[in-house]
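Let me begin by presenting the structure, written as structure tokens, before commenting on it.
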Amino acid sequence: MTFFILTMAAIWLLAYFRARLPLWTGAFALLLGLWTYTAGRYTDVSWLVWLLFLSAAVSVNVTALRRPLLMRPLLAMFRRMLPPLSRTEREALEAGTVWWDGELFSGNPDWEKLLSQPLPELTAEEEAFLAGPVEELCRQLDDWRITTELRDFPPEVWRFIREQGFFGMIIPEGYGGKGFSAIAHSRVIMKIASRSVAAAVTVMVPNSLGPAELLLRYGTEEQRQYYLPRLARGEEVPCFALTGPEAGSDAASIPDTGVVCRETFRGVETVGVRLNWEKRYTTLGPVATVIGLAFRLRDPDRLLGEEEEPGITLALVPSDTPGITIGTRHDPLGVPFQNGPTWGRDVFIPLGWLVGGADGAGQGWRMLMESLAAGRSISLPALSCGGAKLTARAAGAFARVRRQFRVPIGRFEGIEEALARIAGSTYLIDAAREMTCGAVDRGERPSVVSAIVKQQSTERMRQVVNDGMDIFGGSGISLGPRNLLGRLYQAVPIGITVEGANILTRSMIIFGQGAIRCHPYVLKEMRAAANPDRERGLADFDRLLGQHLGFTLNNAARSLFYGVTGGRLAKAPAGPARRYFQAATRLCAAFALSADVALLTLGGSLKRREKLSGRLADILSHLYLISALLKRFEDRDWPRDELPLVQWGCEESLLKIQEGFAGIIHNLPLRPAAWLLRLLLFPLGRPFGGPGDRLGHLVAETLLEPSPLRDRLTAGLFIPEGADEPLARLEDALVKAVAAEPVEQKLREAVKAGSIGKGDDAAILTAGVAAGIISGEEAETVRQALAARREAIRVDDFPALGEKR
């Protein structure tokens, strides 16, 4: 038993400190010598054990023996385990950059590296745009009239959007655009989304996956000089047509074709492309003047080169080109942004209309994958955040103003639970939005992180809006000019669906792409296996596999150690959030170990195990969310009033991570590997229980009365003024209700004591003044609160069906 304990301790120490191979060999030789010595004499068994050990030690430590005897067969096995990758899959894997996601995959994130990155800030010009044109646009937007009467924006709104440069926010000033940062772009979309989802979508699409983004990164200078100033001035309305009836996320199935040929174009024989396509779900398509188009290019006569099938290619095609049909519209759940199909029949374009010119042929999927990060990491999280902030502000005010049994409904624990989810999730996705925009502004193109923030922010917006609708109850489901959440509720599935449906993003992209792209060794090992120079590939694989094995053993040892100690000895920044840094470090090690175990035991079949992949994606996503929360808290110098929001978000994510691990352990096909994972990850049981009731109460209180924290939580929201604005009415009623509550408390106590009789509000007020319990001024405070409350909770009604509305 003593020898066994010594052996296990030695293995743990060697793994924890990531000892090199000679040290492992020496340690085992020492242990074997100790065993021989304690046995008292050499036996046939001991001689056999030593012979086997020395044979293995020489084979493993001598490179000239190790590579042909061990590594060559392992490399052949590795090649067989690799899933077949299409060209589009390879391009997707290699797109973008690896940022903080790589640190999370490392199992030992460098928190100081994250915290040292500067907080993104707006320039004076960006602040002025938000305070000027964006505010003015929001004031012009009458969402009820837009969605119900016009089914479009009025002409003056379209004109304002174009003339004020909303379509050119990402275009550099040198081309006539705004040249805004990612954080400014995000803030603009967030504010507009809090007023009108249709307007937010209309503004965000040209600034994310659209012609401007593609031209800036891949266009020729001639294309930039022509299109970018016109887009910036609003002379061109762009769209991008990608999805078709038979192909959405599966680019390999795109049936739309372009054939390189010679035709007469504008009186001159020209080498170009004859296009045929059918696309749908194209935002701005019905009103676009220039169409960005993805299609499969063929070159049967090899006019461009030796390749007959160059592959996915992008082009910019003026919508008035002969053969194009646009103009009809889809109806995306009653949210009337311009969206519709487009068709092209034998549309001929010159090669100069391909994005990047002739050199861009076959490069389209790579262009799309690298550019998609803009929509995923900026626009959709901003829209989600705007919707969540509107819901938080409105639901909190309504819960304080609306009463049942003479008590604000926000004081009921059931409502309080929903308010806590609203406030906590709003704070969390805002932190993730801000941190991700900062990375983009520093030049990162984080494809995996962008998928995380897209999926998490849109899912959390769905939860936040659902909770808000539950709180508003009947007034939430009664559409009309007074309804703040109804149209937002209808719009929620749009964000869930577009730019990679969330089911696909979670189950296939986040971990599926991350496991290869962000893992310290997997992609390098794949490249070594694919190296046409077999000997060079074998040498690289030999080196990488040894490092990978040390990496996995290190994470196993650290997971066990942190599991026993609760992560308390993990290196972490000092401060009130230190324990959350340590918990996140512990779970990063557990995640890295679990990822390697899944890859090792399932190999290429993990690509098809979407439920397991989805659970690993959940863990990675929540580790990223915790990172964003902790960075925000540190960047703001630990504001004491925000600590409950940070705690709530961390506690909820820690619980979700724990549930993800439990699902993996329960469903991993190789059961001994699952049992080992359970022992290493949770040796003392599952420690995380989620946010407690007391913490939830503190977080819910954030929304129930005016405060600097409530203002920070909903910062960037458009808050209108005027008696005809539903949010303004709620804000007014909230202030007056809070001011009246001490007076109302006096009256309740007087009724309870029998000093005045029971009755309706007016009778109690009169009796209270007559009895000298409250003053006339206090009575007026209550009357104003009652009137404001009554006005705020009113719902719309319309003439009976069949009559003119």
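The values are calculated or read from the model by the stated rules, or taken from the named source; none is laboratory data. For clarity, every value in this text was computed on a predicted model and none was experimentally measured. Backbone-built Cβ (ideal geometry, glycine too); neighbour counts: all protein chains shown. These accessible areas exclude ligands, DNA and RNA; they are computed on the full protein's heavy atoms, side chains included. Shrake-Rupley method; radii C 1.70, N 1.55, O 1.52, S 1.80 Å.
Side notes on the structure shown:
- With the helix formula -39500 (n - 2.57) applied to DSSP H stretches of n ≥ 4, the chain reaches a computed 222 nm mean residue ellipticity of -18000 deg cm²/dmol.
- Taking the alpha carbon gyration tensor of the range 8-161, multiplying each eigenvalue by 5 and rooting it gives semi-axes of 68, 23, 14 Å, largest first.
- Distance between the range 544-601 and the range 207-282 - C-alpha centres, whole angstrom: 46 Å
- Modelled spin-label separation between Asn531 and Arg139, with each label point placed 7 Å from Cα along the Cα-to-Cβ direction: 6.6 nm.
- You can think of it this way: the chain between Glu163 and Arg578 has 144.5 nm of extra reach, that is 0.36 nm per residue less the Cα-Cα gap.
- Computed on the Cα atoms alone, the convex hull of the range 379-490 gives a volume of 91 cubic angstrom per residue.
- Asn667 paired with Asp359, simple spin-label distance in nm, labels 7 Å along Cα-to-beta-carbon: 4.6 nm
- Radius of gyration over Kirkwood radius for the range 590-686, both on Cα atoms: the Rg/Rh ratio is 1.08.
- Normalised by residue number, the volume inside the convex hull of the Cα atoms of the range 721-805 is 118 Å³ per residue.
- At R0 = 56 Å, FRET efficiency that the Cβ-Cβ distance of Leu32 and Lys113 yields, to 0.05: 0.85
- Helical segments meeting 18 Å axial Cα length and Kyte-Doolittle -0.5 threshold in the chain (DSSP H): 2-16, 21-39, 44-61, 380-401, 413-441, 447-472, 486-497, 534-565, 578-602, 610-635, 643-667, 726-753
- Diffusion coefficient of the range 515-643 by Stokes-Einstein, Kirkwood radius over Cα pairs, 4 °C, 1.567 mPa s: 77 µm²/s.
- Under 20 Å from the Cα of Lys113 - lysines, other chains or at least 8 residues apart: Lys571, Lys631
- Average accessible surface for the chain: 43 Å² per residue, computed with a 1.4 Å probe over protein heavy atoms with every protein chain in place.
- One quarter of the surface of the convex hull around the alpha-carbon atoms of the range 84-242 equals 13.1 nm², the direction-averaged projected area.
- Spin-label pair Trp50-Ala501: with each label point 7 Å from Cα along the Cα-Cβ axis, the two points sit 6.7 nm from one another.
- With the gyration tensor restricted to C-alpha atoms of the chain, the semi-axes of the equivalent ellipsoid amount to 52, 42, 19 Å, longest first.
- When each of the peptides 358-370, 586-598, 671-683, 468-480 is scored by how many other beta carbons lie within 10 Å of its residues on average, the order from highest to lowest is 586-598, 358-370, 468-480, 671-683.
- Rg and Dmax over the alpha-carbon atoms of the range 425-492 stand at 15.3, 47 Å.
- Volume of the Cα convex hull of the range 176-251, divided per residue and given in Å³: 128 Å³
- Hydrodynamic radius of the range 622-755 by the Kirkwood approach over all distinct alpha-carbon pairs: 19.1 Å.
- Rg ratio for the range 484-523: its Cα radius of gyration over 2.2 N^0.38 Å, N being its residue count, equals 1.71.
- Per-atom-type breakdown for the chain gives carbon and sulfur 56% of the accessible area (1.4 Å probe, protein chains only).
- Each other residue within a Cβ distance under 10 Å of Leu747 adds +1 if Lys or Arg and -1 if Asp or Glu, for a net charge of -1.
- The alpha-carbon of Lys758 sits under 29 angstrom from the alpha-carbons of these lysines, leaving out residues fewer than 8 places away in its chain: Lys736, Lys746.
- Dividing the mean sequence gap of close Cα pairs (under 8 Å, 6+ apart) by how many residues the chain holds gives a relative contact order of 15 percent.
- Set of lysines with alpha-carbon distance to Lys607 below 26 Å, sequence-local pairs under 8 removed: Lys454, Lys524, Lys656
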